[in-house]
Structure formats: C-alpha cells, structure tokens
1. Between residues in the stretch A:92-113 that are in contact (Cβ under 8 Å) with a residue 24 or more places away in the chain and surrounded by fewer than 23 Cβ atoms within 10 Å (Cβ to Cβ) and residues that are of a type in the set (Val, Ile, Thr) and assigned to a strand (DSSP E or B), which pairs lie under 9 Å by C-beta distance while being six or more apart or on different chains?
2. In the list B:GLU219, B:GLU233, B:GLU182, B:GLU207, which residue meets the criterion of being without any contact (Cβ under 8 Å) to a residue 60 or more places away in the chain and within 19 Å of the chain's Cα centre (by Cα)?
3. Could you tell me whether any residue of the stretch B:122-140 is acidic (Asp, Glu) and in contact with a His (Cβ under 9 Å, 6 or more places away or on another chain)?
4. Residue by residue through the stretch B:56-109, note down the ones that are crowded, with 16+ Cβ neighbours inside 10 Å, touching a strand residue (DSSP E or B) at 6+ places or on another chain (Cβ under 7 Å) and polar (S, T, N, Q).
5. Scanning for something of a type outside the set (S, T, N, Q) and touching a strand residue (DSSP E or B) at 6+ places or on another chain (Cβ under 6 Å), does the stretch A:129-146 turn up at least one residue?
6. Give me the strands (runs of 3 or more DSSP E) completely within the stretch B:188-251, filtered to those with at least 2 residues that are within 12 Å of chain A (Cβ to nearest Cβ), ordered by residue number.
7. When you look at A:SER239, is it assigned to a helix (DSSP H, G or I) and surrounded by fewer than 21 Cβ atoms within 10 Å (Cβ to Cβ), yes or no?
8. Has the stretch B:41-53 got any residue that is basic (Lys, Arg), more than 16 Å from B:GLU156 (Cα to Cα) and loosely packed, with under 14 Cβ neighbours inside 10 Å?
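The values are calculated or read from the model by the stated rules, or taken from the named source; none is laboratory data. Quantities reported herein were computed from a predicted structural model and do not represent experimental measurements. In this analysis, Cβ positions are derived from the backbone assuming ideal geometry, glycine residues included, and neighbour counts consider all displayed protein chains.
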Amino acid sequence: MSALLTVEDLRVRFPTRTGVVEAVRGVSFTLGRERLGIVGESGSGKSQTGRAIMGLTPPHADASAKQLAFDGIDLISAPPKLRRDLRGKRIAMILQDPKYSLNPVMSIGRQIVETLRRHERVSRAEARERALDMLAAVQIRDPARVFDLYPHEVSGGMGQRAMIAMMLVAGPELLIADEPTSALDVTVQLEVLSILDKLVAERGMGLIFVSHDLRLVSSFCDRVLVMYAGRIVEEIAASELANARHPYTQGLLNCMPVIGADRHPLPVLDRKPEWAL
Amino acid sequence: MTVTVSVENLSVVYDDFRALDAASVQVEAGESFGLVGESGSGKSTLLRAIAGLAPVSEGAIRVQGRELHGARRDKAFYRAVQMVFQDPYGSLHPRQTVDRQLVEPLAIHGIGDGERRILKALDEVGLGSGFRFRYPHQLSGGQRQRVAIARALILEPSILLLDEPTSALDASVQAEVLNLLEQVRRDRKLTFLMVSHDLGVVTHMCERLAVMQGGRVVERLTSADLVAGRIAEDYTRNLMVASKGFRRKSA
C-alpha cells in the first residue's frame, strides 16, 4: 500500500520573548487510507501537527521536516499556489468550534458553494445542487432551508455538520479533524461522529482525528499516536489500547471518571520529566 | 437530614423563551447533588437563578431556611453560597493578579487577616505561594480553575454552586480538579450543587442527581440507580448511551 501521507521528523517552532518554543519535536508517521488518531493534552503539539500538514502554521512560526509528502507531492518545497490548490480540494480540515470557524456574515450555502467553485469549474446552478446534496449527506433534514441560514441561526451540531459538508464537498482524499466534536453536546457528538464515520468509509478517505479524549479516539480510529510535549511517546493499534505500555497512555486512559467504577480519588497523571526527553 | 437548598416550581423566562419551566430540586445539607442534561436544558439557568443571576418569574428559592426574592442577594447569602463557573479563562479578571482576585471577596465582606487566609486558600487548592502574584494568562487552565475555586473557598461558604467546573479542562487535569473538589468537600463538610453534561463526572461526584430536559426536571435518581440501570425515562437512557462513547453500528 502506497502511503497517502508521509511525515518524517516534523518540527514546529515558535519564537517567543523567552526563547524558541518547540511545539512539535520530530514527529514521524505514515498514513494510508485509514483512520489515525492523535491524542494528547493541551500543549502536546497535536493540533500543530495537523496544522503543519495543512500548511496553516502561523507565519511567525517555523515548520520544518525531513520529509512531508502528500501522495508524492513534496509539501515543504511546494509553492504557495500549489498548497492553496491542495488545501480544501485534496486535503481538508474540520475545526473544533463551528461558532468561530464559519464565516458569520455569509450564509451556510454560499460558504459551501464558495469552496466548491474555488476548486472546480462548475456552474452556479450545479454548485448549488451539489451543496444541497452534501447538506443532505450530513443528514440535515431540510437542506434548502439550511442553505440560506447564517451560522448564528443554527445550533452547534448543525453548524458542525455544515462544516463537514463544506470540507467534503470538493471530495478530499485526506481529512484532518481537529477536535471535531469537543464543542458539542454528548448526544449530538455521537450523531456527528457517525456521520463523519460513514462518509469517511464511503469515500475511502484518509482521516487524522486529533483529540484529547483517548477513549473517543480509540473507539473511532484504527491506530492511535499518543503525543506528549511535542513527541510521539507511543503508537498503538486502537484494539490493543488496553495493553498500552507507556505510563502516560495508561494515565490518560485511567483518569476519566467511568460510570459504575467507584474510584475515589481518581488516579492522576504523575508526569515524569523523562517522558519529555 | 435537613434541606439546605430548596427550589420549587421555578420558572425563568427570557422574552418568550422559557429557559426553566416549573423545576423543583431539594438539596440536603452536606450532600453533593448533580444536575445533568444537554445544552439548553436549563441546568445552568437553575444554578444561576439560585445565585441571583437569572430573572425568576415564578416559584420559590429557599437557601438555609431563608426565602430569596428577586435577583438581589445580601452579603450573608454570598458568604454562605459561592459559585465556580465553567470557563476559567472568562471568570478571572485578566488584569488582576491572583492575589487581588482573592483579596476582593475579603474586602467586600470586611474580613481581616487577609494574608493568612490567602496563603491558606492557595495552599488548599494545591497552588502554593509562588502563584500569588501571577496574572491569569501566566497560568494553565487547570491552575486558573484552582484559583477560581480558591476564590470561592476563601469566604468559607457552606454551599458551592459548580457550573461545569471541569468541562473546559483536559481529561487528565479534570481528574486533578475533581479530586480537589472532593477533598475540600470532605474537609469542610460542604454542600455541592453541580451541573455537568458528563454523566461519568456526575455519578463520580454526586450521590443524587436530577436529569433536566427543556427546562424541566424529567427524572430524579441516585447515582447508584443510574449505575445499576434503574432508569425510568428514555431521555436518561439516551444520555447513558451517549456517555459510553462512539460505537460503529455495523461492527
């Protein structure tokens, strides 16, 4: 199987007043058409890894890698024009909170049409048709009505579905989902996840699922990378999670309160400095 | 046991939206009581109404035997009842040091002996005096929530209203904050009224809970009942399923 994405020794550095902070320190992995989870706490570099692949590292920061290749295209040396063409068309990203990541002054339908017409030469009528089909695919009951609504007029779950529709309308091969359901209610979370799961499976996309919730990720993905302080500390098949070896992974697994387990106090992470080495 | 917080047929109406619709909850002294439901179910509104932060249109609130009217609360109320909010980024003053945030409630209530109390409060939430003169932006989310808890505890209240105290935090930090809350409750014999959308957190922290939907209390049960699956309402069952995490249907 040829790799869809190859990442070798990815580093993201942020210059700050107190010196350079390395948020991602030498991350390497390859991704086929599979579901890969990246898990870690805030500040572990999981989101910056996703953003670097997408080419969304902030301008003042510096992203470098020995190799960062998507389907044979070297992303490091790619000119900005090529990266813009890839972004949205072949690599798409779903962000955490629809309240902040949708354009507040543009109707949902127009945002989806904009994405599509940026990447494909289609007529207005056809673009509208495809946007409506896509809204129906993310199980929005009345696509024609939602098409004309603005982001503030829809609920969080609906907004997140609209974002998924927007990201998938151009038919990407790689989807990066950065905490796609963290801002949603538990009941809505499952709906959105099952929609995402179905579409990823149907279209044979590669998926990178970034989250702090190890249990959620392991129930959703085939393989999980656990990150701590900018490095991958453990890579494990989701089905093997119970046999995780690294104490950090075990700590993340155990610290969640579980219904029916009477553990007082909850086990907490005892962070060891050597994990960050 | 005596009822310390009693809410009867409470309604909160914003224009033509009923955020809370004749909800009743009784919390006994010394217990930890949970409110669960999805966004918009009115669980936070109930808490805010008790604290005087939501317009009450009908119903009665009684705290420690005293009936509360309108949205005004006197100083004695705030000495007995303190609140911790969801978002530690939003609930601390960005331009005040931890020290000033902790001095403020003491100054309002005319309590002396600030030095000792501040050090004690910081120590109690596990921060130590090194954090005393830092600004909120110099702290992590978990540390900020600890400051918010210290601020609530410094007046030595007997009731804490907790509005999703850990949902803005990482899972690993959540465990630390939950442990801290349990410990201060044990040490000070506090009463907790805790709102959360996470059934795991609520069953871990609370003995009894009320499930809310659309501004109404749809079911009251004990955590033990919930764990054992003795559930009467479909809505509660749905929440239970949702809290178990994602399952692929075909698999």
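1. A:SER101/A:ILE94
2. B:GLU182
3. Here is the first cut: in the stretch B:122-140, the residues acidic (Asp, Glu) are B:123-124.
If we keep only those that are in contact with a His (Cβ under 9 Å, 6 or more places away or on another chain) too, we end up with none.
No, the stretch B:122-140 has no match at all.
4. Selection gives B:GLN64, B:GLN82, B:GLN86.
5. Of the residues in the stretch A:129-146, the ones of a type outside the set (S, T, N, Q) are A:129-138, A:140-146.
This time we only want the ones that are touching a strand residue (DSSP E or B) at 6+ places or on another chain (Cβ under 6 Å), so: none.
Checked the stretch A:129-146: no residue is of a type outside the set (S, T, N, Q) and touching a strand residue (DSSP E or B) at 6+ places or on another chain (Cβ under 6 Å).
6. Values: elements: B:191-196, B:208-213, B:216-222.
Counting at least 2 such residues, we get B:208-213.
7. Details: assigned to a helix (DSSP H, G or I): yes; surrounded by fewer than 21 Cβ atoms within 10 Å (Cβ to Cβ): yes.
So A:SER239 passes the test.
8. Taking the stretch B:41-53 first, the residues basic (Lys, Arg) are B:43, B:48.
Adding the requirement that they be more than 16 Å from B:GLU156 (Cα to Cα) leaves B:43, B:48.
So of that shortlist, the ones also loosely packed, with under 14 Cβ neighbours inside 10 Å come out as none.
The answer is no, given that none of the residues of the stretch B:41-53 is basic (Lys, Arg), more than 16 Å from B:GLU156 (Cα to Cα) and loosely packed, with under 14 Cβ neighbours inside 10 Å.
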